[in-house]
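Take a look at the structure set out below.
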Amino acid sequence: GICPRVSSGAGRPRVPLCCGGVRGYMRVTDLEGSALDYWVARVINNDPAIADVMAQVAHYSTNWAAAGPIIERERIGILAIDGTDCWIAGKSPEAIDWSRRDARSPLVAAMRCFVKSKYGEEVPDGND
C-alpha cells in the first residue's frame, strides 16, 4: 500500500514553492531526497556551504551508515505501520504523531524527525 497524506491541521498545508506552495517555507514532512539530506546536514552544521557538501557525501535519507549514529545518539524510535509501506518516527512515544504516515522508508521518517527536532514543522524553502 501507499502512505496516505494526512493534513496536520491548522491552515492550508504548505508545499514546496515549485508545487504552488506558500513562498518561503516547506513542511518537514514534505522533505525527501537531497532536500532532506541538506536539512539533516544543516542540523549538524549550520553553515549552508558546509551542509551542502555534507549532504552530497552522506545521503542521510538513504544511507544507514550516515544516519544510524544520528538515530542512536538522538534516541529516535522508528515504527512500521502494519499493513502499509509507511513508517513513523519520534524521540519518545508521546512525540510520535500517529496521524502522519507519509514516510515510505524508516530512514526518511527518522531524518524528518531529526530535522523537526531542530527547526519545528517548517524549514525555509530552498537552501537558505
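Is it the case, given these coordinates, that Asp125 is touching a Pro at 6+ places or on another chain (Cβ under 8 Å) and open to solvent by less than 70 Å² (accessible area, probe 1.4 Å)? So Asp125 passes the test. Restricting attention to segment 103-119, the residues being outside any helix (DSSP H, G or I) and either in contact with a His (Cβ under 7 Å, 6 or more places away or on another chain) or of a type in the set (Val, Ile, Thr) (or both) number 0.
At least 2 residues being touching a Ser or Thr at 6+ places or on another chain (Cβ under 6 Å), surrounded by 12 or more Cβ atoms within 10 Å (Cβ to Cβ) and modelled with pLDDT of 85 or more is the threshold, and among the helices (runs of 4 or more DSSP H) wholly inside segment 1-79 those reaching it are 33-44. Residue check: is Ile88 more than 22 Å from Tyr25 (Cβ to Cβ), within 15 Å of the chain's Cα centre (by Cα), β-branched (Val, Ile, Thr) and not in a loop (DSSP other than H, G, I, E, B)? Considered against the rule, which asks whether it is more than 22 Å from Tyr25 (Cβ to Cβ), within 15 Å of the chain's Cα centre (by Cα), β-branched (Val, Ile, Thr) and not in a loop (DSSP other than H, G, I, E, B), Ile88 comes out as yes.
Quick check on segment 73-81. Is at least one of its residues more than 14 Å from Glu32 (Cβ to Cβ) and basic (Lys, Arg)? Yes, that holds for at least one residue.
The values are calculated or read from the model by the stated rules, or taken from the named source; none is laboratory data. Being a predicted model, the structure only gives us computed values, none of them experimental. Neighbour counts are summed over all protein chains in view; Cβ atoms, including those assigned to glycine, are modelled from backbone coordinates with ideal geometry. We work out accessible area using only protein heavy atoms, side chains counted, and drop any ligands, DNA or RNA first. Shrake-Rupley method; radii C 1.70, N 1.55, O 1.52, S 1.80 Å.
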